[in-house]
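The values are calculated or read from the model by the stated rules, or taken from the named source; none is laboratory data. This one's a predicted model, so the numbers in the text were calculated from it and none came from an experiment. In this analysis, Cβ positions are derived from the backbone assuming ideal geometry, glycine residues included, and neighbour counts consider all displayed protein chains. Accessible surface areas use protein heavy atoms only, side chains included; no ligands, DNA or RNA. Shrake-Rupley method; radii C 1.70, N 1.55, O 1.52, S 1.80 Å.
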Amino acid sequence: MSGRDDFLKPPRQITVEKLTWRPDSACGPVLDHLDCILEEGCFYGIIGPNGSGKTSLIRHLLRLIRVEEGEVRIDGINISRFRRKELARLLSYVPQKIETGIRFTVEETVMMGRNPHIRTFGYPDRKDREEVIAAMKSTGIGDMAAKSMSVLSGGETQRVLLARSVAQGCPWLFLDEPVSNLDIYHQFMMMDMLRDLNRREGKTIVCVLHDINLASMYCDRILVIEKGQVAAMGETSDVLTPSLLEGVYGVSFRVAEASGEGTRMLVPIPGSARYRGEEHRGESLCGDPKKA
Amino acid sequence: MKRKIAVPFIYFALTVCILALIVGASSVGAAGIGVFRSLRILFSRLPLLGNLADQSDFRPSDLTIVLMIRLPRILLAGFAGCGLSMSGAVLQGVLRNPLADPQVLGISSGAAFGAAIAIAFGFSVTAWGIGGIASFALIGALLTILVVWRISFIGGKESVVGILLAGISVSSLLTSAITLIMVMRREQLEKVYMWMLGSFSSATYPKTVFLGVITLVSLLFILPSCFSLDVLATGDDSAESLGIDARRLRRRMIVLSSLCVAACVSVSGIIGFVGLIVPHIVRLMAGSRNRRLIPMSCLAGAIFMILCDTVARTLAAPAEIPVGAITAVIGAPFFLFLLARTRGGGVRV
């Protein structure tokens with residue numbers, strides 16, 4: 001493996017340059033010359049309207065979609081040069097859900113996170129089992145080990161998938177709308193766990209979110225995606241302003257200072273959503289680009 | 001779900017079961033041969049220990065019946081059960097569908113089509129010593145795999161649903177073609193129909209060796225990928241983000257299990273439900289992990305098939321019941337039961 005050590009170092013920076021993606025089924029480019037730089041140690045929130053390309057972006061960053069135009073580099077190395085297993089030791093993905101046609105238990109599912117560390121054609125050993133038990137404990141699902149994945153609630157499924165990523169042991173975690181289907185308790189529990197991973201273990205979190213206020217409460221940096229491009233990027237308090245959000249979402253916001261912790265809340269104003277017609281690339285016009 | 005039975009014990013019990021069945025099945029049939037006599041006959045043919053057996057009272061007719069007629073048939077049934085169950089287990093995981101079985105890819109229909117042509121038009125080509133009909137069935141099955149494979153890539157995107165739809169549509173097309181052949185050659189109708197119901201009555205050692213080699217080689221290639229197969233069953237994105245090349249693994253597994261099914265079907269006809277129910281029974285015993293599921297399905301499939309074939313040839317002796325009818329009698333109610341439980345969402349596995 002000598003000579004490939006660079007491919008296993010924790011990434012300090014992921015650079016995206018002129019990333020463009022035109023799936024056959026969409027009428028326009030879903031990603032359109034997108035540029036951005038993600039840095040180690042931060043808690044990123046990616047926000048933007050439906051169909052703006054948030055999911056497509058992280059799917060490219062994880063190489064779940066092959067980069068066709070533009071470039072994605074991990075510490076200067078083009079992402080296409082990594083072997084799949086090498087990538088899976090650096091970047092981990094927490095999907096919203098997984099297929100449960102074949103019913104595995106919670107523990108078996110978390111064990112799958114160890115796959116990048118198990119040699120080809122091998123099986124989990126004692127160290128893998130220890131990692132899995134630790135991951136389940138840290139996400140509070142230790143008592144569900146023998147439960148079948150098919151009977152879990154949305155919140156439990158998310159925790160199991162997070163545990164799987166923890167067991168995977170990657171320095172970077174990518175999450176696609178991890179809290180969209182959860183009640184408020186599970187939303188905050190999930191976000192707290194992510195903050196913990198970020199603060200205590202120094203993991204970089206890149207998280208697609210729909211709730212602007214959750215993003216403002218938890219994220220250090222915000223990436224706003226609109227029509228396949230970066231509309232804004234930077235420190236949370238600089239980016240999340242009523243004027244920027246109005247431009248992106250077409251809804252007016254006002255700022256409300258929540259008492260106590262000094263949290264700024266952005267409150268959308270009812271009745272302010274205006275129809276944006278053709279220029280807004282709606283899902284109904286082109287089909288859902290995420291599923292392409 | 002608690003697993004109360006220890007894993008090594010299950011393996012041990014299954015192996016003992018197979019050996020006992022081989023001995024038991026070789027002693028029952030039209031000509032009665034005692035269990036101990038057939039045991040001694042089989043024992044006498046073991047490589048090193050064979051000479052220890054007392055061979056003085058063996059009748060030549062007993063030797064012929066046990067070694068030349070019953071044993072190849074039992075072994076052929078065992079390998080077919082093993083191959084079909086293994087392929088069923090693999091395909092259920094790869095296609096992420098607990099109701100998938102070796103027939104969904106149209107392989108069986110392809111084999112039946114080949115066999116129907118051979119029977120109806122009296123073609124006979126012998127390859128690898130497995131006989132004319134079996135050779136044609138094998139060719140039909142292999143061509144069908146190729147066609148389904150090509151069709152499932154139409155539109156450029158490969159998807160699990162695409163593969164299933166391609167298999168189902170090719171399968172119905174071939175079934176109609178077989179019906180046409182049967183109508184055109186009405187005098188051969190019964191023969192074609194009986195072939196399609198499945199039987200091991202034409203078992204020979206060359207067929208057994210042919211099927212045994214293919215089944216064991218496929219198993220050898222599938223076993224090392226068991227853990228990856230688990231991960232693949234959770235979805236393509238999920239598997240790729242964990243370092244698995246989902247498409248390549250799926251293709252490799254589909255090719256291996258298809259070849260295995262093609263070999264099984266071509267020597268025995270279409271035997272339904274084994275590939276579907278055996279993996280499900282094993283999941284209930286030992287969980288969903290392929291590392292256990294696949295080897296245990298092989299053993300359990302062999303047991304189930306030897307049992308069914310023995311019933312098939314003894315129940316109405318000297319007449320034979322097609323083994324496909326026996327497996328379906330046991331399999332169909334189980335299938336419906338499974339379907340009902342899946343609909344209710346309450347499957348414990």
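Take residue B:302 and decide whether it is modelled with pLDDT of 90 or more, surrounded by 24 or more Cβ atoms within 10 Å (Cβ to Cβ), out of contact with any strand residue (DSSP E or B) (no Cβ under 7 Å at 6 or more places or on another chain) and more than 14 Å from chain A (Cβ to nearest Cβ).
On the way: modelled with pLDDT of 90 or more: yes; surrounded by 24 or more Cβ atoms within 10 Å (Cβ to Cβ): yes; out of contact with any strand residue (DSSP E or B) (no Cβ under 7 Å at 6 or more places or on another chain): yes; more than 14 Å from chain A (Cβ to nearest Cβ): yes.
When the stated conditions are applied, residue B:302 passes them.
Anything in segment B:251-286 that is of a type in the set (D, E, K, R) and either within 26 Å of residue B:208 (Cα to Cα) or modelled with pLDDT of 90 or more (or both)? List them, or say none.
The one that is of a type in the set (D, E, K, R) and either within 26 Å of residue B:208 (Cα to Cα) or modelled with pLDDT of 90 or more (or both): B:252.
Just for segment A:20-49: of the residues that are at pLDDT below 90 and surrounded by fewer than 15 Cβ atoms within 10 Å (Cβ to Cβ), which one is farthest from the other protein chains (Cβ to nearest Cβ)?
So, considering only residues that are at pLDDT below 90 and surrounded by fewer than 15 Cβ atoms within 10 Å (Cβ to Cβ), the one farthest from the other protein chains (Cβ to nearest Cβ) is A:28.
Looking at A:155, A:113, which is the one that is within 24 Å of the chain's Cα centre (by Cα) and more than 11 Å from chain B (Cβ to nearest Cβ)?
On the way: A:113 fails: more than 11 Å from chain B (Cβ to nearest Cβ).
Only one candidate qualifies: A:155.
Look at residue A:232 and say whether it is within 14 Å of chain B (Cβ to nearest Cβ) and either under 18 Å from the mean Cα position of the chain (by Cα) or closer than 24 Å to residue A:61 by Cβ (or both). Steps first, answer last, please.
Values: within 14 Å of chain B (Cβ to nearest Cβ): no; either under 18 Å from the mean Cα position of the chain (by Cα) or closer than 24 Å to residue A:61 by Cβ (or both): yes.
No.
Quick check: anything in segment B:277-286 facing chain A (nearest Cβ under 9 Å) and in contact with a strand residue (DSSP E or B) (Cβ under 9 Å, 6 or more places away or on another chain)?
No, segment B:277-286 has no match at all.
When the residues of segment B:209-234 are narrowed to those that are within 14 Å of the chain's Cα centre (by Cα) and open to solvent by less than 10 Å² (accessible area, probe 1.4 Å), which ends up farthest from the other protein chains (Cβ to nearest Cβ)?
Here is the first cut: in segment B:209-234, the residues within 14 Å of the chain's Cα centre (by Cα) are B:210-216, B:218-219.
Keeping just the survivors that are open to solvent by less than 10 Å² (accessible area, probe 1.4 Å) gives B:211-212, B:215, B:218.
On the way: B:211: 25, B:212: 23, B:215: 20, B:218: 15 Å.
Checked segment B:209-234; the qualifying residue farthest from the other protein chains (Cβ to nearest Cβ) is B:211.
Among the residues of segment B:94-124, count how many are within 14 Å of chain A (Cβ to nearest Cβ), open to solvent by less than 10 Å² (accessible area, probe 1.4 Å) and not β-branched (Val, Ile, Thr).
Count: 2.
Out of all the residues in segment B:237-258, which are of a type outside the set (Gly, Ala, Ser) and more than 8 Å from chain A (Cβ to nearest Cβ)? Steps first, please.
Filtering segment B:237-258 down to residues of a type outside the set (Gly, Ala, Ser) leaves B:237, B:240, B:242, B:244-245, B:247-256.
Correct list: B:247, B:248, B:249, B:250, B:251, B:252, B:253, B:254, B:255, B:256.
Residue under question is residue A:124, and the condition is that it be facing chain B (nearest Cβ under 8 Å) and modelled with pLDDT under 90; does it hold? Show your work before the answer.
Numbers: facing chain B (nearest Cβ under 8 Å): yes; modelled with pLDDT under 90: yes.
Yes; evaluated as a whole, the condition is true for this residue.
Out of segment A:1-19, which residues are surrounded by fewer than 18 Cβ atoms within 10 Å (Cβ to Cβ) and without any contact (Cβ under 8 Å) to a residue 60 or more places away in the chain?
Within segment A:1-19, A:1, A:2, A:3, A:5, A:17, A:18 qualify.
Name the single residue, out of those in segment A:242-266 being polar (S, T, N, Q) and modelled with pLDDT of 85 or more, that is surrounded by the most Cβ atoms within 10 Å (Cβ to Cβ).
For segment A:242-266, the residue satisfying everything is A:252.
Check every one of the strands (runs of 3 or more DSSP E) wholly within segment A:176-276 and list those with 1 or more residues that are out of contact with any helix residue (DSSP H, G or I) (no Cβ under 9 Å at 6 or more places or on another chain), of a type outside the set (A, V, I, L, M, F, W, C) and over 19 Å from residue A:157 (Cα atoms). Step through it out loud before you land on a result.
Details: elements: A:204-208, A:221-226, A:229-235, A:253-257, A:264-268.
Per the criteria, A:229-235, A:253-257.
Could you pull out the residue among A:141, A:133 that is touching a residue at least 24 places away in the same chain (Cβ under 8 Å) and either more than 10 Å from chain B (Cβ to nearest Cβ) or of a type in the set (Asp, Glu) (or both)? Working first, answer last.
Values: A:133 fails: touching a residue at least 24 places away in the same chain (Cβ under 8 Å).
That would be A:141, the only listed residue that is touching a residue at least 24 places away in the same chain (Cβ under 8 Å) and either more than 10 Å from chain B (Cβ to nearest Cβ) or of a type in the set (Asp, Glu) (or both).
Working only within segment A:80-107, note down all residues that are free of Cβ contacts under 8 Å to residues at least 24 places away in the same chain and surrounded by fewer than 20 Cβ atoms within 10 Å (Cβ to Cβ). Quick ask: steps written out before the conclusion?
Quick first cut of segment A:80-107, residues free of Cβ contacts under 8 Å to residues at least 24 places away in the same chain only: A:80, A:84, A:99, A:101-102.
Within segment A:80-107, A:80, A:84, A:99, A:101 meet the criteria.
In segment A:99-110, which residue that is of a type outside the set (Asp, Glu) and more than 13 Å from residue A:165 (Cβ to Cβ) is farthest from the other protein chains (Cβ to nearest Cβ)?
Step one: list which residues in segment A:99-110 are of a type outside the set (Asp, Glu), which gives A:100-106, A:109-110.
Add one more test, that the residue is more than 13 Å from residue A:165 (Cβ to Cβ), and what stays is A:100-106.
Numbers: A:100: 8, A:101: 4, A:102: 4, A:103: 5, A:104: 5, A:105: 7, A:106: 11 Å.
Looking at the filtered set, the residue picked out is A:106.
Identify the residue in segment A:186-226 that is over 25 Å from residue A:254 (Cβ atoms) and of a type in the set (D, E, K, R) and, among all such residues, is surrounded by the fewest Cβ atoms within 10 Å (Cβ to Cβ).
Going through the qualifying residues, I end up with A:200.
Can you name every residue in segment B:183-228 that is touching a residue at least 24 places away in the same chain (Cβ under 8 Å), in contact with a Phe, Trp or Tyr (Cβ under 9 Å, 6 or more places away or on another chain) and more than 24 Å from residue B:323 (Cα to Cα)?
Within segment B:183-228, B:185, B:223, B:225, B:226, B:227 meet the criteria.
Does segment B:252-268 contain at least one residue that is closer than 24 Å to residue B:160 by Cα and polar (S, T, N, Q)?
Yes, that holds for at least one residue.
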